[in-house]
Amino acid sequence: MKDAVAETLTPKTPEHLMVEPVVTIQQHILWERRRFPHATGEFSRLLSGLTLASKMIQAKVSRAGLMEILGAHGTVNVQGEQQQKLDVYANDALLYCLSVARQHRAAGLRRKRRADHSAPRFAHG
C-alpha cells in the first residue's frame, strides 16, 4: 500500500523527455571543445558571448511591456529609420558580450606571452 501511494506522489517524467538528456548550449560548447585539443578557444568564446547576449535579449523581450522598452528610441539609424528601444538594447547587449569575449581572449594571450617569456630557454642541439 505504501509503495502505491509513493508511486502516485512521485512526479513522472514525460516520455518525450526520457529519450535524450537535455544539454545546454554551454555544455555542448565545452564538450565539443575537448574534441579539438589544439583549438585556441576563440570560437568557443564567440559562441558563449552570442549565447549570453541572446539570453539577455530574450529576458528583456519577455518583460518588455513592464519595463517601458517598447517603442521608438529617439534616434535614427544609418538607413534613416527610427530606431526602436529593443533594437538598441539588443545591439548594446551583443556589443558588450562580444567585447567581453574579446577581452578574455586578449587577457589569455597576454598570460601566454608572459608564460612564454618567463619560461627558461634551452638551446637545441
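The values are calculated or read from the model by the stated rules, or taken from the named source; none is laboratory data. If you're wondering where the values come from, they're calculated on a predicted model, not measured in any experiment. We place every Cβ from the backbone using ideal geometry, glycine too, and count neighbours over all the protein chains shown.
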Exercise. Of the residues in the stretch 47-74, how many are more than 15 Å from ALA90 (Cα to Cα) and surrounded by 15 or more Cβ atoms within 10 Å (Cβ to Cβ)?
Worked result: 2
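Per-residue answers, yes or no, for (1) surrounded by 12 or more Cβ atoms within 10 Å (Cβ to Cβ); (2) at pLDDT below 85:
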position: LYS85; (1), (2): yes, no
position: ARG102; (1), (2): yes, yes
position: ALA107; (1), (2): no, yes
position: ARG110; (1), (2): no, yes
position: ARG121; (1), (2): no, yes
Seminar exercise, completed: Over the stretch 44-82, the set of residues of a type in the set (Ser, Thr, Tyr) and outside any helix (DSSP H, G or I) is THR75
For this session: Consider ILE25 carefully, then state whether it is within 25 Å of the chain's Cα centre (by Cα), modelled with pLDDT of 80 or more, surrounded by 15 or more Cβ atoms within 10 Å (Cβ to Cβ) and of a type outside the set (Gly, Ala, Ser).
Result: no
Problem set entry | Subset of the stretch 28-46 that is under 17 Å from the mean Cα position of the chain (by Cα) and among the aliphatic types (A, V, I, L, M) - its residue that is surrounded by the fewest Cβ atoms within 10 Å (Cβ to Cβ) | LEU30
For this session: Scan the stretch 25-45 and report the pairs whose first residue is within 19 Å of CYS97 (Cβ to Cβ) and whose second residue is surrounded by 12 or more Cβ atoms within 10 Å (Cβ to Cβ) and among the small types (Gly, Ala, Ser), with Cβ atoms within less than 7 Å and a gap of 6+ or a chain change.
Result: GLN26/SER48; ILE29/SER44; ILE29/SER48; ARG33/ALA39; ARG33/GLY41; ARG33/SER44; ARG45/ALA101
